[in-house]
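Enquirer: Let me give you the structure first, and then I'll get to my questions.
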Amino acid sequence: LVLHFTALVFARALAMPNLKPAILTFKDMLRYQAALERVCQDMELTGFWPLMTIKITDDTTPEMIRMAHAAGAIAGKAYPADVTTGSAGGITDFYADHLLPVYATMEEVGMVLCLHGETPEKGVSVLDAEAMFLTRLRWLAETFPKLKIVFEHVSTQKALRCVWDLPDTVAATITAHHLVLTFQDVIGATLNPHHFCKPVPKMGTDRYALRQAAISGNPKIFFGSDSAPHLISAKESADVPAGIFSAPVALPVLAQVFEEEDALDKLEGFTSEFGAKFYGLQPNIGTIGLVKEPWTVPETYGQFRPFMAGETLQWRTVEIGA
Ligand SMILES: [Zn+2]
């Protein structure tokens, strides 16, 4: 179902490695890739390419990077230990000696380092965890000047400013939901577990900065959906996992946001061009259309509740050719 909604709208997606068990080696990766391709075939989803990744952990070696790269991995994702879904076994110390040759090998072979940028330090509030990660980002960018780094799902003005000021080897992605939500929408009048994601949406000033960055036309800032579905039974439990299922609504939501900001002409660069360019990929050949035609987002898709469930959106996606 998740793949279905992703493949309907997107021609490519980074297949993130934070599964259980995690995708750590090229063998894990090839197995996962084959499984995704099998599902695509069964569901007759043509024209969708998963871009494969491995998870960078304290046990990753330069050899594992080389093998994964040779097998087609486009990126390695580093999660700080225990900050988000599937990040157990993540990195405890980004400066650790044994990781230096790993970063250096990624730099050498041209594998992108994707970061979930929240500090793994104990006792740090979720509201501060992203800002407190930035010293690590600066250090990585300075120590490995050719390493391409994507600071994913940026949620604060501070992180944006940091990425903006660093060299062009460093980019940031923004999700559709971080352009819409603030902390208030997660735990305001009522607590809404369906708005709970990591990094948690922050303040109005942060959301304003994110919107301005998204429409800026700066190629270092591009769309990353971070569509992360969890069963409704899990989202409405006493132990709510972080993640928002945004794939079915991401493009209509973005169109709405860009229209509100009077910047629809900047939408294509943000969603379709800058990211591909940063990853060194050709732009997609196919096109997807957006028409202004109100529709109400279903309350559920199977056992999942999508972002914006029950809300009326002004734009819808239409297929206009492959
Ligand atoms: Zn993440």
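The values are calculated or read from the model by the stated rules, or taken from the named source; none is laboratory data. Note that the coordinates shown come from a computational prediction; the quantities given were computed from them, not determined experimentally. Glycine gets a Cβ as well: all are built from the backbone with ideal geometry, and neighbour counts include every protein chain shown. Surface accessibility is based on the protein's heavy atoms, side chains included, excluding ligands, DNA and RNA. Shrake-Rupley method; radii C 1.70, N 1.55, O 1.52, S 1.80 Å.
Enquirer: Looking only at region 134-159, filter to residues that are farther than 17 Å from residue 173 by Cα and open to solvent by 10 Å² or more (accessible area, probe 1.4 Å); which one of those is nearest to the ligand (Cβ to nearest atom)? Explain how you work it out, then say what you get.
Expert: The initial filter retains those residues of region 134-159 that are farther than 17 Å from residue 173 by Cα, namely 135-136, 139-140, 142-146.
Imposing the further condition that a residue be open to solvent by 10 Å² or more (accessible area, probe 1.4 Å) reduces the set to 135-136, 139, 142-146.
Working: 135: 19, 136: 15, 139: 20, 142: 23, 143: 22, 144: 21, 145: 24, 146: 24 Å.
For region 134-159, the residue satisfying everything is 136.
Enquirer: Would you list the helices (runs of 4 or more DSSP H) that sit entirely within region 161-235 and hold 1 or more residues that are crowded, with 21+ Cβ neighbours inside 10 Å and touching a Leu at 6+ places or on another chain (Cβ under 6 Å)?
Expert: Answer list for region 161-235: 204-214.
Enquirer: Every residue in region 103-136 that is in contact with a helix residue (DSSP H, G or I) (Cβ under 6 Å, 6 or more places away or on another chain) and part of a helix (DSSP H, G or I), please.
Expert: 105, 106, 109, 131, 134
Enquirer: What are the residues in region 52-83 that are of a type in the set (A, V, I, L, M, F, W, C), within 16 Å of the ligand (Cβ to nearest atom) and in contact (Cβ under 8 Å) with a residue 60 or more places away in the chain, if any?
Expert: Quick first cut of region 52-83, residues of a type in the set (A, V, I, L, M, F, W, C) only: 52, 54, 56, 64-65, 67-68, 70-71, 73-75, 78, 81, 83.
Next, only the ones that are within 16 Å of the ligand (Cβ to nearest atom) stay: 54, 56, 75, 78, 81, 83.
Hits for region 52-83 are 75, 83.
Enquirer: State whether the residues of region 180-190 include one that is in contact (Cβ under 8 Å) with a residue 12 or more places away in the chain and within 18 Å of residue 75 (Cα to Cα).
Expert: no
Enquirer: Check region 106-120 and report whether any residue there is in contact with a Leu (Cβ under 8 Å, 6 or more places away or on another chain) and of a type in the set (D, E, K, R). Please lay out each step first, then the result.
Expert: As a first pass, look at region 106-120 and keep what is in contact with a Leu (Cβ under 8 Å, 6 or more places away or on another chain): 106-107, 113-115, 117.
Then drop every residue that is not of a type in the set (D, E, K, R), which leaves 107.
The answer is yes; a qualifying residue exists.
Enquirer: When region 203-234 is examined, which residues are found to be closer than 21 Å to residue 150 by Cα, touching a His at 6+ places or on another chain (Cβ under 9 Å) and aliphatic (A, V, I, L, M)?
Expert: Residue satisfying the conditions is 210 alone.
Enquirer: So, residue 28, is that one surrounded by fewer than 16 Cβ atoms within 10 Å (Cβ to Cβ) and either more than 26 Å from residue 4 (Cβ to Cβ) or free of Cβ contacts under 8 Å to residues at least 60 places away in the same chain (or both) or not?
Expert: Numbers: surrounded by fewer than 16 Cβ atoms within 10 Å (Cβ to Cβ): no; either more than 26 Å from residue 4 (Cβ to Cβ) or free of Cβ contacts under 8 Å to residues at least 60 places away in the same chain (or both): yes.
No.
Enquirer: So, of the residues in region 63-88 that are surrounded by fewer than 16 Cβ atoms within 10 Å (Cβ to Cβ) and more than 20 Å from the chain's Cα centre (by Cα), which turns out to be nearest to residue 197 (Cα to Cα)?
Expert: 71
Enquirer: Moving to a separate point now. Exactly one condition in (1) at pLDDT 95 or above; (2) under 30 Å from residue 113 (Cβ atoms); (3) surrounded by fewer than 20 Cβ atoms within 10 Å (Cβ to Cβ); (4) not basic (Lys, Arg) is false for residue 282; which is it?
Expert: (1)
Enquirer: Considering region 104-115 alone, what residues qualify as being within 16 Å of the ligand (Cβ to nearest atom) and either aliphatic (A, V, I, L, M) or modelled with pLDDT under 95 (or both)?
Expert: We begin by selecting, within region 104-115, every residue within 16 Å of the ligand (Cβ to nearest atom); these are 112-115.
112, 113, 115, listed by residue number.
Enquirer: Is one or more of the residues making up region 248-264 under 16 Å from the mean Cα position of the chain (by Cα), within 22 Å of residue 158 (Cα to Cα), assigned to a helix (DSSP H, G or I) and within 16 Å of the ligand (Cβ to nearest atom)?
Expert: Looking through region 248-264, none of the residues is under 16 Å from the mean Cα position of the chain (by Cα), within 22 Å of residue 158 (Cα to Cα), assigned to a helix (DSSP H, G or I) and within 16 Å of the ligand (Cβ to nearest atom).
Enquirer: Confirm whether residue 183 is away from the ligand (no atom under 15 Å from the Cβ), closer than 16 Å to residue 269 by Cα and aromatic (Phe, Trp, Tyr). Quick ask: steps written out before the conclusion?
Expert: Details: away from the ligand (no atom under 15 Å from the Cβ): yes; closer than 16 Å to residue 269 by Cα: no; aromatic (Phe, Trp, Tyr): yes.
So residue 183 fails the test.
Enquirer: Looking at region 3-21, which of the residues that are more than 16 Å from the ligand (Cβ to nearest atom) and of a type in the set (A, V, I, L, M) is most open to solvent (accessible area, probe 1.4 Å)?
Expert: Within region 3-21, the match that is most open to solvent (accessible area, probe 1.4 Å) is 8.
Enquirer: For residue 289, which of the numbered conditions (1) farther than 16 Å from residue 179 by Cα; (2) open to solvent by less than 30 Å² (accessible area, probe 1.4 Å); (3) out of contact with any Asp or Glu (no Cβ under 9 Å at 6 or more places or on another chain) fails to hold?
Expert: Only one criterion in (1) farther than 16 Å from residue 179 by Cα; (2) open to solvent by less than 30 Å² (accessible area, probe 1.4 Å); (3) out of contact with any Asp or Glu (no Cβ under 9 Å at 6 or more places or on another chain) is unmet by residue 289, namely (3).
Enquirer: Residue check: is residue 91 open to solvent by less than 10 Å² (accessible area, probe 1.4 Å), within 23 Å of residue 26 (Cβ to Cβ) and not polar (S, T, N, Q)? Give the derivation first.
Expert: Values: open to solvent by less than 10 Å² (accessible area, probe 1.4 Å): yes; within 23 Å of residue 26 (Cβ to Cβ): yes; not polar (S, T, N, Q): yes.
Yes.
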